Amino acid sequence: VQLQASGGGLVQPGGSLRLSCAASASISGINAMGWYRQAPGKQREFVAFTGSVGSTKYADSVKGRFTISRDNAKNTMYLQMNSLKPEDTAVYSCYAYISSAGTYWGQGTQVTVSS
């Protein structure tokens, strides 16, 4: 499975962005998909996860502001990011975990929150 992340950009604090992660194959059977991010000089950190049956999990730092979802018909996962803060600035990468094959990563998309 190949993953293509997009939707990053420059936004002011308090603004919104929607990231997309398009897969090259059907995602309906993928066990888990999600997002990690890495800010300059910091370790990569978990952002959000969605399971194949619709379960979700968020990092405490984004809970209530970010919403993860996936559209199986479009083979695409989304991350709606609202009330963005400067500390959300990072490269966001999507992943897909398939129990029989392992973990696949997409390239990152830069999100910059600045006035």
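The values are calculated or read from the model by the stated rules, or taken from the named source; none is laboratory data. What you see is a predicted model; the values in this text were computed from it and never measured. A quick note on method: Cβ atoms are made from the backbone with ideal geometry, for glycine too, and the neighbour counts reach across all protein chains shown. These accessible areas exclude ligands, DNA and RNA; they are computed on the full protein's heavy atoms, side chains included. Shrake-Rupley method; radii C 1.70, N 1.55, O 1.52, S 1.80 Å.
Take region 3-46 and flag every residue that is part of a loop (DSSP other than H, G, I, E, B) and of a type in the set (A, V, I, L, M, F, W, C).
Residues of region 3-46 part of a loop (DSSP other than H, G, I, E, B): 7-8, 12-16, 24-31, 39-44.
Result: 25, 27, 30, 39.
So which of 77, 81 is in contact with a helix residue (DSSP H, G or I) (Cβ under 8 Å, 6 or more places away or on another chain) and either of a type in the set (D, E, K, R) or open to solvent by less than 60 Å² (accessible area, probe 1.4 Å) (or both)? Please lay out each step first, then the result.
Working: 77 fails: in contact with a helix residue (DSSP H, G or I) (Cβ under 8 Å, 6 or more places away or on another chain).
Selected residue: 81, the only one of 77, 81 that is in contact with a helix residue (DSSP H, G or I) (Cβ under 8 Å, 6 or more places away or on another chain) and either of a type in the set (D, E, K, R) or open to solvent by less than 60 Å² (accessible area, probe 1.4 Å) (or both).
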**Q.** All positions within region 1-23 that are within 13 Å of residue 98 (Cβ to Cβ) and small (Gly, Ala, Ser)
**A.** 23
Q. Name the residues in region 62-74 that are buried (at least 20 other Cβ atoms within 10 Å of the Cβ) and over 17 Å from residue 1 (Cα atoms), would you?
A. 62, 66, 68
Q. Taking region 6-47 only, how many residues are open to solvent by less than 30 Å² (accessible area, probe 1.4 Å), without any contact (Cβ under 8 Å) to a residue 60 or more places away in the chain and touching a Lys or Arg at 6+ places or on another chain (Cβ under 7 Å)?
A. 1
(Q) So in region 103-115, with the set limited to residues that are farther than 13 Å from residue 3 by Cβ and either of a type in the set (Gly, Ala, Ser) or in contact with a helix residue (DSSP H, G or I) (Cβ under 8 Å, 6 or more places away or on another chain) (or both), which one is surrounded by the fewest Cβ atoms within 10 Å (Cβ to Cβ)? (A) 115
